[in-house]
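Only one structure is covered here, and it is reproduced in the block below.
The values are calculated or read from the model by the stated rules, or taken from the named source; none is laboratory data. All values derive from a computational prediction rather than experimental measurement. Note that we place each Cβ from the backbone using ideal geometry, even for glycine, and neighbour counts take in every protein chain shown. To get the accessible areas, we keep the full protein, side chains included, count just its heavy atoms, and leave off ligands, DNA and RNA. Shrake-Rupley method; radii C 1.70, N 1.55, O 1.52, S 1.80 Å.
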Amino acid sequence: PHLAALVLARGGSKGIPLKNIKLLAGVPLIGWVLRAAIDAGVFHSIWVSTDHDEIEKVAKQFGAQVHRRSPEVSQDSSTSLEAIREFLNHHHEVDIVGNIQATSPCLHPSDLIKVADLIQKEGFDSVFSVVRRHQFRWSEVKKGENKMTEPQNLNPAKRYRRQDWPGELYENGSFYFAKRHLIEKGYLQGGKMAYYEMRAEHSVDIDIDIDWPIAEQRVLSFGYFGKEPLKEVKLLVCSIEGCLTNGRIYVTEDHKEMVSYDYRDIVGIDLLKKRGIQVRLISERDCSKTLSAMQLGCVAKVSATNKLQILKDWQEDMGLSWKEVAYLGNEESDVECLKQAGMSGVPADACAAAQKAAGYICKSSGGCGAVREFAEHIFLLLEKVNSARKQ
């Protein structure tokens, strides 16, 4: 049977404009679930259903196919079921739909693999995600009603300790898998049903109960970053023009060149060095005098005609794996380096090709704190590496 992953990503949002592609920990929100779906390796096709050009662009960047949904199912009042049924009407090859919520960025491939087995090998017609919660419920008393609240799932005279109570299962909305015949009848859940219990730390729903800064911390701690495990970064290579500087060159009347940089970026470089991370700089221009004036104390290569070769030479000389190398670039000449490095980033104003190749897109522009921001991102991921080692 053809199993298709389908992510619904409408352009309209009452809360955050274009929320589905807003950067979360340096990655468009929708990118987190698409990465998990692709790496799961259980889907015959992976789709994003959208009505917006920018969302389509990001979806394709992450390797998904795009279904352009009609205006009729793109309204605030439109339901997920309506959008899924429209998708099936246009894709008769699909037998099973795995509807994955774009706002669940801590989804892991291992969850999707197990659910695919439930519906393909064990014969379930529908499978949906739940999370276990230990919350006591009480009946609601509306304003003006003269009555007492009543306990719903506890005895107040004998309250359970958390460790003595198994809790209750709640839908968390991360995904709903269902066979075609159910969806065509108007159901996402039905027939032979099963739930799949997700780990609580992976159950993050930005739509419901979490704000952006908290979500970023959760993703950095519990998100899925790719098939290969993260390693401790030992080397950061930074492109000078457009990253350390804003790319502008000022020329005086006596033909001297001047550039500007942000002191926060210098602090970022110093912090990296204190953490034992080497910082090296690279430029296509001969900016030796500028670097000398900045007194950064970093190894630098100027007049670089082949950045990738220089990066490979440094990596081999230091005896590092690519997972231990980070790269911050902003131009097309940086694309291959961004693809090769284990951790890659670009400033907010980097060219489209560089943004597409990078794993992290800074909120700051080049020469305006992007180096410091990328350094902070490296530190957060190092905390994740160290946490994994302790476990």
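Before moving on, here are some points about what is shown:
- Any hit, region 150-163, residues being surrounded by fewer than 14 Cβ atoms within 10 Å (Cβ to Cβ), over 22 Å from the mean Cα position of the chain (by Cα) and closer than 30 Å to Gly223 by Cβ: yes
- Of the residues making up region 315-332, those that are of a type in the set (A, V, I, L, M, F, W, C) and buried (at least 18 other Cβ atoms within 10 Å of the Cβ) are Val325, Ala326, Leu328.
- Tallying residues that are among the hydrophobic types (A, V, I, L, M, F, W, C), under 19 Å from Leu272 (Cβ atoms) and outside any loop (DSSP other than H, G, I, E, B) within region 355-370 yields 1.
- Condition met for Asp117 (part of a helix (DSSP H, G or I), on the phi < 0 side of the Ramachandran plot, within 24 Å of the chain's Cα centre (by Cα) and among the acidic types (Asp, Glu)): no
- Per-region count, region 137-152, residues at pLDDT below 90 and either within 22 Å of Ser78 (Cα to Cα) or of a type outside the set (Lys, Arg) (or both): 3
- Selection of first residues in region 323-337 that are assigned by the TED database to the domain that holds Leu311 and of second residues that are of a type in the set (Lys, Arg) and outside any helix (DSSP H, G or I), restricted to Cβ pairs under 7 Å at least 6 apart or on distinct chains, gives the following pairs, ordered by first then second residue: Lys323/Lys231; Glu324/Lys231; Glu324/Lys234.
- Considering residues of region 203-256 that are farther than 30 Å from Asn386 by Cβ and not assigned by the TED database to the domain that holds Asp313 only, the residue most open to solvent (accessible area, probe 1.4 Å): Ile208
- Within region 91-102, the set of residues being buried (at least 23 other Cβ atoms within 10 Å of the Cβ) and assigned to a loop (DSSP other than H, G, I, E, B) comprises Ala102 only.
- Any hit, region 171-184, residues being assigned by the TED database to the domain that holds Val130, among the hydroxyl-bearing types (Ser, Thr, Tyr) and open to solvent by less than 90 Å² (accessible area, probe 1.4 Å): yes
- Test: residue in region 69-77 that is modelled with pLDDT of 90 or more, under 16 Å from Trp47 (Cα atoms), in contact with a Leu (Cβ under 9 Å, 6 or more places away or on another chain) and part of a loop (DSSP other than H, G, I, E, B): yes
- Selection within region 295-314 - buried (at least 18 other Cβ atoms within 10 Å of the Cβ) and either among the polar types (S, T, N, Q) or touching a Phe, Trp or Tyr at 6+ places or on another chain (Cβ under 8 Å) (or both): Leu311
- Subset tally (residues that are touching a residue at least 60 places away in the same chain (Cβ under 8 Å) and open to solvent by less than 60 Å² (accessible area, probe 1.4 Å)) for region 124-149: 8
One line per residue, one yes/no per condition, for (1) modelled with pLDDT of 80 or more; (2) polar (S, T, N, Q); (3) farther than 19 Å from Ala341 by Cα:
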| residue | (1), (2), (3) |
| --- | --- |
| Leu230 | no, no, no |
| Ile240 | yes, no, no |
| Glu253 | no, no, yes |
| Asp265 | yes, no, yes |
| Ser303 | yes, yes, yes |
| Leu320 | yes, no, no |
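- Residues of region 9-21 satisfying the condition of being open to solvent by 10 Å² or more (accessible area, probe 1.4 Å) and either assigned to a loop (DSSP other than H, G, I, E, B) or within 25 Å of Glu93 (Cβ to Cβ) (or both): Arg10, Gly11, Gly12, Ser13, Lys14, Gly15, Ile16, Pro17, Leu18
Residues are listed down the side, and each one gets a yes or a no for (1) under 18 Å from the mean Cα position of the chain (by Cα); (2) open to solvent by less than 30 Å² (accessible area, probe 1.4 Å); (3) among the charged types (D, E, K, R); (4) assigned by the TED database to the domain that holds Gln217:
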position: Val7; (1), (2), (3), (4): yes, yes, no, yes
position: Leu23; (1), (2), (3), (4): yes, no, no, yes
position: Leu29; (1), (2), (3), (4): yes, yes, no, yes
position: Leu34; (1), (2), (3), (4): yes, yes, no, yes
position: Ile38; (1), (2), (3), (4): yes, no, no, yes
position: Ile46; (1), (2), (3), (4): yes, yes, no, yes
position: Thr50; (1), (2), (3), (4): no, yes, no, yes
position: Glu54; (1), (2), (3), (4): yes, no, yes, yes
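- Number of the exception - Glu72 against (1) of a type outside the set (S, T, N, Q); (2) out of contact with any strand residue (DSSP E or B) (no Cβ under 9 Å at 6 or more places or on another chain); (3) open to solvent by less than 20 Å² (accessible area, probe 1.4 Å): (3)
- Filter result for Asp334 (within 21 Å of Ala375 (Cβ to Cβ) and part of a helix (DSSP H, G or I)): yes
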